[in-house]
Amino acid sequence: MAVKDSLARGLKMTFLARAVHVLSNAVLMVLLTRFLLSPDEYGILFLALSIIGVARLFSDLGLAKSAARYVTEFKESDSSQVPYVFETALKYRLLFIGIVGCALALGRNYVAGLIGEPAVAPLLLVGAAYLGFHSLSVFNALLFQGFNCVSWSALVQVVNNVNRIIFAVLFVFVLGFGALGALLGYLVGAALGMAVGFVVLYKYFYSNYEKADEPEEGLSRRILEYSAPMMITRGAGVLNTKIDTILIGVLLNPAAVGFYTLAKQISSSLTVLAGSLGFSISPTYGEQKVNEQLDRASRMYRKTLEYTLLLYLPGAVGVIIVAEPTIRIVFGEAYLGAAPVLQVLGIYVVLRAINETTTKALDFLGRARMRAIAKGSTAVANFLLNLVLIPRLGVVGAAVATVVTFGIYTFINVAVMYSELPLDSTRLLRPVALVGVITAGMGVPVLLATRYVSDVFSLVGVVLFGVAIWSVLAIRTGLLDVGSTKSFLLSE
């Protein structure tokens, strides 16, 4: 019962934080695209953020996730080593942030010239500072995850995202700073999130552990060694999520970057529940492995996978159906180029949801190396496929490359999870078949209703119509148990 209550509290707080993140990003997206920035300016902003994301790889180096893993281990076996884990990871993090931040600031003009977009240079100067604050904010959030106190991670994210939108709107709308002002808003939000995270981490965690006289022999080496596969995994993620954006900017134009980014943001925001669940539950897998309770872990993962498919497979079909009217009505005619990209990325929504509930668990189960190999291989394939498809299919080619390679990566991760836990795949056959029936039963009426969409009210009506059909079918088939779901969400 304690595990269930802990998971429920963590899930609710993490979901709240990610919901705030999605809402703030949605408001910011609408304001920037509909009222403040042209597709070219919007593309320049996210081209700069993609370059910063690549640079951040070399400042993070997987140290936070490695530290989170050892915090989880030592707080169960030898809590006096926990402060040394924190100190070691933070020391290296600060060192690499300083090196990478200075390199980005000094090399901003060279990078802008290399990609053929001089307008990116001033954003990269501000981006060097943003890189440091954001990296440390993420560091804090992941350490809270290691302590299995994801509620505090949620707080850091809320502070970051609420202040991001407040200051971005202030700098862009009030002061007229354009894309640079939006990036300044990102910087202020990250700085405030970082400050709150460090205060909480020190007061409620670090200072509460009695520190051993000296660190365990080889502790620094172990943290660095385990961070290596984390870095490879993170690097592959950057290659998947940032390099494609940069390639679009180089091979096409900033407006195409804006279309792709907008579609990717919408599709990624839809996985907030899966991401919250995966982030909240993943430390529990590690604890249950340490306590030799793999049967419980396997049951937890199977039910998580069932609910993920129940929610996201019909949801992906809905995204594909309403993509065009959504872009046209919400973001404006100028961004209609994002509609076909969003339709392709509807498949990506399902794949990412499955990954969100799988990959983080593999890290805590000690399978980070295997995940790193899979992600690294598929990331290279994604890069090469982008080079082939973008010149031929335009911005849609980048979306196709993402779906194909991410699908392979998803299959590998699920297979590794099945090898790690005593899972019976035949028990998923019936739920998956029923999800297919629900998807078809919802998709056809929504497709027919979409022809009547003419404004935001009719668009919302069609979406709610689809949700209502999904709810009835999910309950009638028995896949959605309202009683148990309500009990879980309301548990204290």
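The values are calculated or read from the model by the stated rules, or taken from the named source; none is laboratory data. This one's a predicted model, so the numbers in the text were calculated from it and none came from an experiment. Reconstructed Cβ throughout: ideal geometry from the backbone, glycine too, with neighbour counts over all protein chains shown. Surface areas here come from the heavy atoms of the whole protein model, side chains and all, with no ligands, DNA or RNA. Shrake-Rupley method; radii C 1.70, N 1.55, O 1.52, S 1.80 Å.
Annotations
- Some residue of segment 382-394 being modelled with pLDDT under 80 and not aliphatic (A, V, I, L, M): no
- Selected residue [in a helix (DSSP H, G or I), out of contact with any Lys or Arg (no Cβ under 6 Å at 6 or more places or on another chain) and open to solvent by 40 Å² or more (accessible area, probe 1.4 Å)] from F406, F411: F411
- Residue within segment 445-453 that is under 29 Å from T359 (Cβ atoms), modelled with pLDDT of 80 or more and either in a helix (DSSP H, G or I) or not charged (D, E, K, R) (or both) present: no
- Residue in segment 42-63 that is part of a helix (DSSP H, G or I), touching a residue at least 60 places away in the same chain (Cβ under 8 Å) and over 30 Å from V120 (Cα atoms) present: no
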